[in-house]
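The structure under discussion appears below in the form of structure tokens.
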Amino acid sequence: MPNYIINECITNEVYILSAATLTSGATVEFGISETPFCGTVGAVTLSAETLNIYFLQLYDDCCSCLSGITTSEETLNFTFTRCGTSEEINIESTNFCREYGVPTTGITYEIQFGSETPFCATFEGLSPTGVTNYFYVSGPFSLCEDCENLPPLSSNTETTICQEICDNSVITIIPPHPTYTNSAGREVVQMNAVLIGGNGLNG
């Protein structure tokens with residue numbers, strides 16, 4: 001049987017599993033000694049199999065696998081630490097799994113509670129409890145700073161203006177564009193519009 005690289009769903013830690021036939025990208029539940037884990041199948045490898053590892057079953061994705069190995073008294077929940085603070089946030093996984101999938105330990109994501117302003121938080125692992133109504137906004141980001149200093153979003157297609165000069169040549173002008181804040185609190189540049197007024201065409 002071939003040996004496969006398995007990346008554990010939460011930590012991305014690498015394990016080697018021997019199995020009959022697995023498809024790259026598939027999600028598997030596997031065990032080491034008595035402990036169940038979930039992981040994504042990678043390439044076939046010549047590396048030796050991880051000690052005491054065994055195949056259990058296939059799943060559609062990491063979220064369904066992790067839900068499957070969670071005890072019947074618990075639901076799947078994620079723990080994040082809000083950037084710039086030590087505030088721990090425990091969220092119920094349903095919305096995050098639907099919108100993104102399983103986060104990776106040590107990686108930062110922009111999340112939002114209800115319709116409040118989004119914020120950045122680093123994923124720490126699983127939690128026994130969690131609050132609903134949290135949503136994935138953007139990410140992943142390697143660092144909190146990368147998440148907190150997001151460039152504005154752009155909307156539509158860039159508009160350019162061609163202006164004819166007295167000698168019949170033409171120059172292209174890229175005009176300033178209006179900016180607004182969307183419902184998620186992110187700055188959006190309206191690329192197919194021209195800002196008129198102060199700092200615009202009349203500025």
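Here is how the numbers come out for the structure above:
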quantity: Listed residues TYR59, TYR134, TYR180, most fluctuating in the chain (Gaussian network, C-alpha, under 10 Å); calculated: TYR180
quantity: Among CYS83, CYS65, CYS162: highest mean-square fluctuation, GNM of the chain, C-alpha pairs under 10 Å; calculated: CYS162
quantity: Cα-centred dipole magnitude for the chain, charges only on beta-carbon of K, R (+1) and D, E (-1), debye, nearest 20; calculated: 280
quantity: Rounded, prolate or oblate (a/c below 1.5 giving rounded, otherwise prolate when a/b exceeds b/c) for the chain by Cα gyration tensor; calculated: prolate
quantity: Top positive-direction residue, dipole computed over the chain with Cβ charges, set ALA43, ILE173, PHE123; calculated: ILE173
quantity: Cα-based shape type of segment 77-148, given that a ≥ b ≥ c are square roots of the gyration tensor eigenvalues and the cut on a/c is 1.5; calculated: rounded
quantity: The chain - share of DSSP beta bridges that are antiparallel (%, nearest 5); calculated: 90
quantity: Theoretical ellipticity at 222 nm over the chain - DSSP helices of four or more residues, -39500 (n - 2.57) apiece, nearest 500; calculated: -2000 deg cm²/dmol
quantity: Estimated distance in nm for a label pair at GLU148 and LEU58, the labels positioned 7 Å out from Cα along Cα-to-Cβ; calculated: 4.5
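Any read-out appearing in this document is the output of simple, stated calculations on the displayed coordinates, not a laboratory observation. Since the structure is predicted, the reported quantities are computational estimates derived from the model, not experimental observations. Heads up, the Cβs are rebuilt from the backbone with ideal geometry, glycines too, and the neighbour counts pull from every protein chain shown.
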